[in-house]
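These notes concern the structure reproduced below.
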Amino acid sequence: MSTSEKELAEFRAEVGAWMKDNNPPDPGFLLPQTFMEVGDERQLEFLREWQHKVWAAGYLGMAWPKEYGGRGVDPVFQSIADQEMRRNRVPICFNVIGLGWAGPLINDIGTEQEKARYLKGILTAEDVWCQGFSEPEHGSDLGNAQTRAVRDGDEYIINGQKIWTTMGNFAKYMILLARTNPDAPRKYDGLSFFLSPMQLPGIETRPIRKITGEFGFTETFFTDARIPAGCLMGEEGQGWKIAMQTLQYERGAASGAAGGQAMVRVTVDDMIDQLEGVNRDGEPVLKDPVVRDQLVQAIMEEKAMILGDRRARVAALTTDYPGSLQLSNKLRLTELTRRMRQLAINLQGAEGALYVGDDEARQGGFWQRAYFNSFSATIGGGTSQVQANIVAEHILGLPK
């Protein structure tokens, strides 16, 4: 039986009231703007407690099966809960690699044993997950990954290095792409996919300092690390196929995420609000006709993203280029976010040069920090250049 509009409205009011009543006070230290900036134990424990509280209230993993910690309801309820999280500006649900990538993958193709072992811990934030795809020497050429996994009885011996392993220093598990057959005729055929434990001898992580001064990313080194053979997902040689499915979740082209918000979302309205009191040539900057034109363009792009998301859910409206909105979503959203935050800084005038820690910085330097942080999203999950190639080849049918 379909859910009535009345039922959805009542649920929205319920979850909105809960978010308002339970939104935690300022902890007295800087909170991450995205899951890629969780850099110390204080932030980790604060966000772990918050995510657990959201899950315990029933507003996370709502569409996941009941037997694995979810509620087994229509995904529309999770969508409403996510909207209310953004509207009430509550903290992020930080365990994004588990909630958004590993969890949906395990839900879709994992064994019953894998589902029972991993899914609930992702939702409760007890088990933090990280991603072991990228390598320092191979840039965006993921198919050329060289980290080796050699079968030795009931174990695999792992040697190699991964980079940009967000929260690797806090993680209990990693989704790991490693080469099990270096002699495969095609490089993609030699890769395998593992749900690897992280807290083992031979696995070392080193934090990477970002341009913001924060941490969150790590390098991960494997030196004769032994993981159980049961960590292999699927069969040997299926790693590329499984990794590509994982990236569909990461890029927003496939559904199944548990929900929550991965980053502090800001809108053009938020940008306009922070420009109140900013003057240019003795006049409010918001009265400048060129500025107003720039803001209208930003509003149009933002609205197009919202309407595009709705359109993508109606098959009859996407018959011209099926899948185009889903496949281009990551490129469009991350680039719009970067441009909007850059505009917010530019329109501050000389104050735009101030940063977090400067007493005169507008909103404590929020927009400057947000702008620097926006670049990680244009790189992770495939750079904007890679995403543009995906659009060209898989949507427009252009040659490689």
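The values are calculated or read from the model by the stated rules, or taken from the named source; none is laboratory data. None of these values were measured; they are calculated from a predicted model. Ideal geometry is used to build each Cβ from the backbone, glycine not excepted, and the neighbour counts take in all protein chains shown.
Taking the listed residues Ile163, Ile158, the one that is more than 24 Å from the chain's Cα centre (by Cα) and either aromatic (Phe, Trp, Tyr) or crowded, with 16+ Cβ neighbours inside 10 Å (or both) is Ile158, with no other qualifying. Scanning region 277-299 for residues that are closer than 14 Å to Leu343 by Cβ and of a type in the set (Asp, Glu) yields Asp288, Asp293.
For residues that are touching a residue at least 40 places away in the same chain (Cβ under 8 Å) and of a type in the set (Asp, Glu), scanning just region 31-48, find the one that is farthest from Ala377 (Cα to Cα). The qualifying residue farthest from Ala377 (Cα to Cα) is Asp40.
Identify all residues within region 283-293 that are under 17 Å from Gly352 (Cα atoms) and either in a helix (DSSP H, G or I) or modelled with pLDDT under 90 (or both); write none if there are none. Write out each step before concluding.
Narrowing region 283-293 to residues under 17 Å from Gly352 (Cα atoms): 284-286, 291.
Matches in region 283-293: Val285, Leu286, Val291.
Does Gly72 satisfy the criteria of being modelled with pLDDT under 95 and on the phi > 0 side of the Ramachandran plot? No; evaluated as a whole, the condition is false for this residue. Going through (1) in the same structural domain as Trp164 (by TED's automatic domain parsing); (2) of a type in the set (Gly, Ala, Ser); (3) free of Cβ contacts under 8 Å to residues at least 40 places away in the same chain; (4) in contact with a helix residue (DSSP H, G or I) (Cβ under 9 Å, 6 or more places away or on another chain) one by one, Ala57 falls short only on (1).
A search for C-beta distances below 9 Å between a residue of region 268-292 that is of a type in the set (D, E, K, R) and any residue that is assigned to a loop (DSSP other than H, G, I, E, B) and surrounded by 10 or more Cβ atoms within 10 Å (Cβ to Cβ), counting only pairs 6+ apart in sequence or on different chains, returns Arg280/Asp288; Arg280/Leu347; Asp281/Asp288; Asp288/Leu347. Under the condition of being more than 30 Å from Arg369 (Cβ to Cβ), in a helix (DSSP H, G or I) and either charged (D, E, K, R) or more than 20 Å from the chain's Cα centre (by Cα) (or both), the residues counted in region 212-262 number 6.
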